[in-house]
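Heads up: the structure comes next, in structure tokens.
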Amino acid sequence: MNLKSLFTPLRLGALELPHRIVMAPLTRMRAGAGGVPTAMNATYYGQRVAAAMIITEATCVSQQGVGYPNVPGIFSAEQIAGWKLVTNAVHARGGRIVQQIVHNGRMSHSAYMPDRSVPVAPTAIISAFGQAFTPDFQLVPFETPRALETDEIPGIVESFRQAALNSREAGFDAVEIHGANGYLLDQFLHDGSNKRTDGYGGSLENRARLLLEVVDSIVDAIGKDRLGVRLSPYGTFGDMVDSDPITLYKFVIGELGKRGLAYLHLIEARASGVSLAEDPTEKFAYNAEIFRSAFDGPMISAGGYTPESAAEAIEKGNADAVAFGRFYIANPDLYERIKGKSSLNKYDRPTFYGGGDHGYTDYPTLAESSVSVVPQTTPVATAIS
Ligand code: FNR
């Protein structure tokens, strides 16, 4: 298959990408104490600098927004200083890096909350699936969250706005709002998790209000050409349920379209749950087929792509760029490997979250792999498990 559509340049707002192979946001739970990025994190991102653009792991906008152990934040001076190690490592080698910012909402645990009370949510509804991850990496049942008071919502918006300013101070080229995968902004969008009766619940306009207020406040702070938004229209992770998701996302994406953002980043249906579709030949509609007409700007697509299917999606106009997640975990030189049609390292799932260099900075490049034993390489076509 001809991969040439992956290798043409692309403009995303203020960013000029030399090609279309993006590194997806990937939580790795390896930040230092206090959610401060370390030299090891800088090494990891620096190794992946040939990506058209790196999107960081979800980074918390406030202590209340933390939901996992050892994840980074962007709300303290120490965190900003730590992230400068990362942005400097990437920029020194000519790369581009965007910070994904998140508030976990109910996908959290009281151990992370500043006052040790239960996590916050649109409504006091517990996620029916999954478990909380405690600071010492134990999986425990979720607690029933507390509904945010209406007068607390401006503080949430402000935490995102300040985080975006902090990201810029730390040297990031742009910011991506994490509106996907069942976290706070997504919890507000869906009528299964949002039963509010104030201006932030009920109608589509009301459920989308928090996300759009966050978007508008960040546009105001750092400019629309340095802001992207990630959504998962078919996402079920975090027990996301909606009575009419297509209408919901047409509305939300249409509203984002009016704002002229740098890009929209959508997760495809085949990666909607915790893992990929069982049958890789199963046919799903591309997000673009349903939502493209609502958004008149560049679209990044993610979820279960191989180099071949990514090139095809771009060729057919179903994406402008493709973000690779697990392949970027396992292949620091993914861009060079795709360019050279080389085999890809297989990812090692047990080392996704937490730990040190192993499974993080020690995946071999192609040049190194001739002397490396673990992890082994597998052909592209069979590498997704
Ligand atoms: C993810 N994903 C993810 N998404 C996101 O928006 N923010 C995040 O911090 C993370 N973290 C994360 C960690 C790990 C270990 C995995 C495997 C995934 C989802 C990711 O960005 C991507 O959408 C999926 O991995 C699907 O793409 P691939 O892996 O099929 O290319």
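The values are calculated or read from the model by the stated rules, or taken from the named source; none is laboratory data. This is a predicted model, so every value here is computed, not measured. Note: ideal-geometry Cβ built from the backbone for every residue, glycine included; neighbour counts use all protein chains shown.
Things to note:
- Scanning the range 214-233 for residues that are farther than 24 Å from PHE133 by Cβ and in a loop (DSSP other than H, G, I, E, B) returns GLY223, PRO233.
- Residues satisfying the stated conditions in the range 160-179, i.e. out of contact with any strand residue (DSSP E or B) (no Cβ under 8 Å at 6 or more places or on another chain) and closer than 24 Å to ILE253 by Cβ: ARG161
- Checking each residue in the range 192-208 for being closer than 16 Å to PRO154 by Cα, in contact (Cβ under 8 Å) with a residue 12 or more places away in the chain and not in a loop (DSSP other than H, G, I, E, B) picks out ARG207, ALA208.
- Filter pass, SER275 being away from the ligand (no atom under 16 Å from the Cβ), modelled with pLDDT under 95 and of a type in the set (Ser, Thr, Tyr): no
- Any pair with Cβ under 8 angstrom, 6 or more apart, that starts in the range 236-265 at a residue that is farther than 14 Å from ARG292 by Cα and touching a residue at least 24 places away in the same chain (Cβ under 8 Å) and ends at one that is assigned to a helix (DSSP H, G or I) and of a type in the set (S, T, N, Q): GLY238/GLN187; MET240/GLN187
Conditions (1) in a loop (DSSP other than H, G, I, E, B); (2) within 16 Å of the ligand (Cβ to nearest atom); (3) out of contact with any Pro (no Cβ under 8 Å at 6 or more places or on another chain), marked per residue:
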{"site": "ALA42", "(1), (2), (3)": "no, no, yes"}
{"site": "ALA50", "(1), (2), (3)": "yes, no, yes"}
{"site": "GLN64", "(1), (2), (3)": "no, no, no"}
{"site": "TYR68", "(1), (2), (3)": "yes, yes, yes"}
{"site": "VAL71", "(1), (2), (3)": "yes, yes, yes"}
{"site": "PHE75", "(1), (2), (3)": "yes, no, yes"}
{"site": "GLY82", "(1), (2), (3)": "no, no, no"}
{"site": "THR87", "(1), (2), (3)": "no, no, yes"}
{"site": "VAL90", "(1), (2), (3)": "no, no, yes"}
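- Qualifying positions in the range 133-159 - outside any loop (DSSP other than H, G, I, E, B), within 16 Å of the ligand (Cβ to nearest atom) and surrounded by 13 or more Cβ atoms within 10 Å (Cβ to Cβ): PHE133
- Residue check for ARG270: at pLDDT below 95 and surrounded by 17 or more Cβ atoms within 10 Å (Cβ to Cβ): yes
- Filtered by the rule that a residue be surrounded by fewer than 24 Cβ atoms within 10 Å (Cβ to Cβ) and either at negative phi or within 15 Å of the chain's Cα centre (by Cα) (or both), the range 32-43 gives GLY32, ALA33, VAL36, THR38, ALA39, MET40, ALA42, THR43.
- Matching option when the condition is modelled with pLDDT of 95 or more and within 16 Å of the ligand (Cβ to nearest atom), among ASN206, ASN194, ASN166, ASN181: ASN181
- Test: residue in the range 18-28 that is surrounded by fewer than 24 Cβ atoms within 10 Å (Cβ to Cβ) and either free of Cβ contacts under 8 Å to residues at least 12 places away in the same chain or more than 16 Å from the ligand (Cβ to nearest atom) (or both): yes
- Single unsatisfied condition, ASN287 versus (1) at pLDDT 95 or above; (2) under 29 Å from MET29 (Cβ atoms): (1)
- Residue count for the range 336-366, restricted to those that are more than 10 Å from the ligand (Cβ to nearest atom) and either at pLDDT below 95 or touching a helix residue (DSSP H, G or I) at 6+ places or on another chain (Cβ under 9 Å) (or both): 21
- Looking only at residues in the range 228-255 that are more than 13 Å from the ligand (Cβ to nearest atom) and within 28 Å of ARG168 (Cβ to Cβ), the one that is surrounded by the fewest Cβ atoms within 10 Å (Cβ to Cβ) is GLY254.
Let's see how each residue does on (1) of a type in the set (Asp, Glu); (2) out of contact with any Leu (no Cβ under 9 Å at 6 or more places or on another chain); (3) assigned to a loop (DSSP other than H, G, I, E, B):
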{"site": "GLY304", "(1), (2), (3)": "no, no, yes"}
{"site": "GLY317", "(1), (2), (3)": "no, yes, yes"}
{"site": "ILE338", "(1), (2), (3)": "no, no, no"}
{"site": "TYR363", "(1), (2), (3)": "no, yes, yes"}
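- The residue pairs whose first member lies in the range 174-185 and is under 17 Å from GLY130 (Cβ atoms) and of a type in the set (Gly, Ala, Ser), whose second member is within 11 Å of the ligand (Cβ to nearest atom) and in a loop (DSSP other than H, G, I, E, B), and whose beta carbons are closer than 7 Å, counting only pairs six or more residues apart or on different chains, are ALA180/SER232; ALA180/GLY235; GLY182/GLY235; GLY182/PHE237.
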